[in-house]
Amino acid sequence: MNSVTLEQTYLAAKERYAALGVDTDTALERLAHIPISLHCWQGDDVGGFEAPDAALGGGLAVTGNYPGKARTPDQLRQDLDKAFSLIPGKHRLNLHAMYAETGGQKVERNNLQPEHFARWLDWAKANGLGVDFNPSCFSHPLANDGFTLAHQDAGIRQFWIEHCIASRKIGAYFGANLGTPTVTNIWIPDGYKDSPASRVAPRQRLRDALDQVLAEPLDPRLHLDAVEAKLFGIGSESYVVGSHEFYLGYAIQKQILLTLDAGHFHPTEGIADKISSALFYVPELLLHVSRGVRWDSDHVVTLTDDLEAIMQEIVRGGFLPRVHIGLDYFDASINRIAAWVIGTRNALRALMLALLEPCDLLTKYEQAGDHTSRLALLEEAKGLPFGAVWDYYCQRQGVPVGIRYMDDIKSYEQTVLAARS
Ligand code: RNT
Ligand code: ZN
């Protein structure tokens, strides 16, 4: 479709939406200012640069061995550049501590310094990206027992406390230099494969450890703390120390961010309905938008009802300023750059759908008690010409319209990825 036809199709769509009280231009303007935090770890199967071929720990599992995986920081950045060039809008990078660049020196995780991320900072600056950060409490000899911050051994616990403190400082360094606060998210794998004798003792240790990690207050204009819960993991099927109730309570008490990962609840339990409740009590949320298939399998995000419900809740509630949207999935069975692009474009498409909802009319029906019209309109809205608005948006943002982004990815695969051993 040429750009004239794209624009005409858009104008026809605009009228359809306007008839329901929705201004598509405003929706596009709003969408352009919503950043999605792209997870660096989709690019190399959660490998990092300490020992890229070491086994993945913490109960995380990436399947597939699609050729061309990034093996160096420069390759990962090159792949990210390609992905960002195919995604409309300005976004963020979500970085893990194990992607430090230590110039070939072994630096223990508890000794990591901002300088080990200077090249990431330069790159983020050059590309106008905000950065989010994560301590890496897995894939490490001191995490081999399946415990980190809640470990029984005080020395091991201390190591991970120091790693998390170092990570907060690195997060604040990004925030200070990029002019947008970094969210540093703590997730730990700690838990038991089988029934514990004590469910309380590890939680007591975790609470005390977190208190130490967070002891130094950091300026919220530079840095925000988040904690991520989980229901179960591989090797922690019977008990996870950092459960939802544990971290919900902790985040409320400390007034820090709660992270909701879409894959971290019972398989049929969505996170959409948790957003409005949690936001009464915690200042902000971080989302790990993911897609579990049968379990917390971290599949590429697709345009599902679950995803749409999440974005609807954020938009309907007026929560955009208080919800940080990040992605968390890893698929090595398909082109990794395509995995980023497909998942991020889907997150944006779901956001756009939410921004195009005829909210005023729906609310009017609801307030009048006319639940029949509410249902009718919700169903009608699903058939509105959303694709025309999305295509026009992509064109305006200077990224490929429709599946044409795959042409770029295929040629990148032939020229760049194929040359990697
Ligand atoms: C694991 C958590 C966590 C990780 C990343 C790599 O279950 O979802 O967020 O996926 O930190
Ligand atoms: Zn997650």
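Residue-wise test of (1) without any contact (Cβ under 8 Å) to a residue 24 or more places away in the chain; (2) among the polar types (S, T, N, Q); (3) outside any helix (DSSP H, G or I).
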position	(1), (2), (3)
TRP120	no, no, no
TRP123	no, no, no
ALA126	yes, no, no
PHE133	no, no, yes
SER136	no, yes, yes
SER139	no, yes, yes
LEU142	yes, no, no
THR148	no, yes, yes
*Hey, among VAL301, VAL282, which residue is in contact (Cβ under 8 Å) with a residue 24 or more places away in the chain, away from ligand 2 (no atom under 14 Å from the Cβ), surrounded by 18 or more Cβ atoms within 10 Å (Cβ to Cβ) and within 30 Å of ALA143 (Cα to Cα)?*
VAL282
*Looking at (1) touching a strand residue (DSSP E or B) at 6+ places or on another chain (Cβ under 9 Å); (2) closer than 25 Å to ASP145 by Cα, which is the only condition ALA201 fails?*
(1)
*Criterion: more than 30 Å from ARG294 (Cα to Cα), modelled with pLDDT of 95 or more and part of a helix (DSSP H, G or I) - qualifying residue of LEU206, LEU210*: LEU210
*Only one residue in GLY249, GLY233 is more than 16 Å from ligand 1 (Cβ to nearest atom), more than 18 Å from the chain's Cα centre (by Cα) and small (Gly, Ala, Ser), so which one is that?*
GLY249
_Only one of GLY179, GLY175 is away from ligand 1 (no atom under 14 Å from the Cβ) and surrounded by 23 or more Cβ atoms within 10 Å (Cβ to Cβ). Can you tell me which?_
GLY175
*Return the only residue of ASP219, ASP225 being buried (at least 22 other Cβ atoms within 10 Å of the Cβ), away from ligand 1 (no atom under 13 Å from the Cβ) and under 22 Å from VAL131 (Cα atoms).*
ASP225
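Per-residue answers, yes or no, for (1) surrounded by 19 or more Cβ atoms within 10 Å (Cβ to Cβ); (2) on the phi > 0 side of the Ramachandran plot; (3) within 16 Å of ligand 1 (Cβ to nearest atom):
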{"residue": "GLN255", "(1), (2), (3)": "no, yes, no"}
{"residue": "GLY263", "(1), (2), (3)": "yes, no, yes"}
{"residue": "HIS266", "(1), (2), (3)": "no, no, yes"}
{"residue": "SER290", "(1), (2), (3)": "yes, no, yes"}
{"residue": "LEU307", "(1), (2), (3)": "yes, no, no"}
{"residue": "ILE310", "(1), (2), (3)": "yes, no, yes"}
{"residue": "VAL323", "(1), (2), (3)": "yes, no, no"}
{"residue": "GLY326", "(1), (2), (3)": "yes, no, yes"}
_Inter-residue pairs, beta-carbon under 7 Å, first farther than 15 Å from ALA251 by Cα and in segment 176-191, second acidic (Asp, Glu) and within 15 Å of ligand 1 (Cβ to nearest atom), 6+ apart_ = THR182/ASP132
*Please find, among GLU269, GLU216, the residue that is in contact (Cβ under 8 Å) with a residue 12 or more places away in the chain and out of contact with any strand residue (DSSP E or B) (no Cβ under 7 Å at 6 or more places or on another chain).*
GLU216
*Which residues, taken from segment 219-233, are touching a strand residue (DSSP E or B) at 6+ places or on another chain (Cβ under 8 Å) and within 17 Å of ALA166 (Cα to Cα)?*
LEU222, HIS223, LEU224, ASP225, ALA226, VAL227
*Could you grab me the full set of residues in segment 119-171 that are aromatic (Phe, Trp, Tyr) and more than 16 Å from ligand 2 (Cβ to nearest atom)?*
TRP120, TRP123, PHE147, PHE159, TRP160
_Can you pull out every residue in segment 220-230 that is of a type outside the set (Val, Ile, Thr) and within 12 Å of ligand 2 (Cβ to nearest atom)?_
ALA226, GLU228, ALA229, LYS230
_Selection count, segment 175-203, where residues are out of contact with any Leu (no Cβ under 6 Å at 6 or more places or on another chain), in a helix (DSSP H, G or I) and within 20 Å of ILE325 (Cα to Cα)_ = 1
*asked:* Looking at segment 226-255, I want the residues that are of a type in the set (Val, Ile, Thr) and at pLDDT below 95 and have a partner that is within 13 Å of ligand 1 (Cβ to nearest atom) and in a helix (DSSP H, G or I) with Cβ atoms under 7 Å, at least 6 apart or on another chain. Which pairs are those?
replied: none
_Quick check on VAL4: is it among the β-branched types (Val, Ile, Thr), assigned to a loop (DSSP other than H, G, I, E, B) and either out of contact with any helix residue (DSSP H, G or I) (no Cβ under 6 Å at 6 or more places or on another chain) or on the phi < 0 side of the Ramachandran plot (or both)?_
no
*Can you tell which of ALA124, ALA118 is more than 22 Å from the chain's Cα centre (by Cα), farther than 22 Å from SER243 by Cα and among the hydrophobic types (A, V, I, L, M, F, W, C)?*
ALA118
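The values are calculated or read from the model by the stated rules, or taken from the named source; none is laboratory data. Note that this is a predicted model, so its numbers are computed, not measured. In this analysis, Cβ positions are derived from the backbone assuming ideal geometry, glycine residues included, and neighbour counts consider all displayed protein chains.
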